[in-house]
Every structure is written in C-alpha cells, then in structure tokens.
1. Of the conditions (1) under 26 Å from D10 (Cα atoms); (2) in a helix (DSSP H, G or I), A96 satisfies every one except a single condition; which number is it?
2. Kindly provide the set of residues from region 52-81 that are in contact with a helix residue (DSSP H, G or I) (Cβ under 6 Å, 6 or more places away or on another chain) and over 25 Å from L18 (Cα atoms), ordered by number.
3. Does H66 count as more than 25 Å from T84 (Cβ to Cβ) and at pLDDT below 95?
4. Select from region 32-61 the residues that are small (G, A, S) and over 25 Å from G138 (Cβ atoms) and write down the one among them that is surrounded by the most Cβ atoms within 10 Å (Cβ to Cβ).
5. Going residue by residue through region 73-81, is there one that turns out to be among the hydrophobic types (A, V, I, L, M, F, W, C) and closer than 29 Å to L14 by Cα?
6. Report whether or not S29 is among the polar types (S, T, N, Q) and closer than 17 Å to F137 by Cα.
7. Just to be sure I understand the filter: pairs with C-beta atoms under 6 Å, separated by 6 or more residues or on different chains, first member in region 66-85 and on the phi < 0 side of the Ramachandran plot, second member of a type in the set (K, R) and modelled with pLDDT of 80 or more. Which pairs pass?
8. Just checking, how many residues over region 101-138 are more than 25 Å from L18 (Cβ to Cβ) and buried (at least 19 other Cβ atoms within 10 Å of the Cβ)?
Amino acid sequence: MRTATVFTQDRLALFGQLVRYAITGGFASLVNIGIYHAGVKLFGLDPNLAWTIGFLGAAASGYLIHSKWSFKGHGSRDNVWRNTAKFMVVSLISFALNSFWVWLLVRHFALPIWSPYPLALGVTPLLVFWLNRQWVFG
C-alpha cells in the first residue's frame, strides 16, 4: 500500500509542475508572441528577427519564474551557473524549433503570421517541459 501512496504523490507533484509550467510558459509565450506580432505589424521587421527579439524577452522572464515557481522543490539548485547554462541550451532548442515553424509556415508557405502559434504553443512546450524537468531542474 505504501508504494501506491508514493506513486500518487509523485504523480501529483508532476501534475503540479506541469500546471505551473503551463501557466509560466503561457505568460512567456504571450511575451514572445506580443513582441513578435508588434515587431512584424508595427515596425515591419522580418518575422524571424521579430521572433528572435520576442524569444529573448520570453527566455529572461521564463527562467526566473520556472526556476523559482514551476519546478520549485524539484531537483537541486546547487550550481546556478550550470542550471542557467542548461536552461539556455533548452531555450535555444525551443527557439530553433519555433523559428523553424515561423520560417516554414510564414516565409515558405506564405501563411498568416499567426499560423505558427498552434505549433509554438502546443508541440514545442511539451518537449521543453520534458527537457527542463529531466535535465535543467532535475
């Protein structure tokens, strides 16, 4: 019976991290998308340049909130520089994947600038959650 209780506690902890991650990631995504959309529509920036600027804003806010809240109580924070470097690697993977969605859908297929949002908000975050939980904050 003890094993079932631990298993449930582990699943609840994982679910809590996923919910907190989704909230934080949603906020960071809004920062990224807001900067991206404004850059393209208001300032006439190249879509990939606007996405890059948005990414920088989202990564900075995301690291602070994820490390203090999303993954609170998970793993160790014994080496801030190592964790920050790992977070940046994962963020660059996220950036590359989302930049690919922007390039593919907006530049290559000439779809509307909002067309990458479903993939950037649905596919990429699942991969990034797993990498952050296992490697960065694990």
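The values are calculated or read from the model by the stated rules, or taken from the named source; none is laboratory data. For clarity, every value in this text was computed on a predicted model and none was experimentally measured. For neighbour counting, all protein chains shown are included, and Cβ atoms are generated from backbone atoms with ideal geometry for every residue, glycine included.
1. (1)
2. I53
3. no
4. G54
5. Scanning region 73-81, I find at least one residue that is among the hydrophobic types (A, V, I, L, M, F, W, C) and closer than 29 Å to L14 by Cα, so the answer is yes.
6. The answer is no for S29.
7. W69/R20; S70/R20
8. Within region 101-138, residues that are more than 25 Å from L18 (Cβ to Cβ) and buried (at least 19 other Cβ atoms within 10 Å of the Cβ) number 3.
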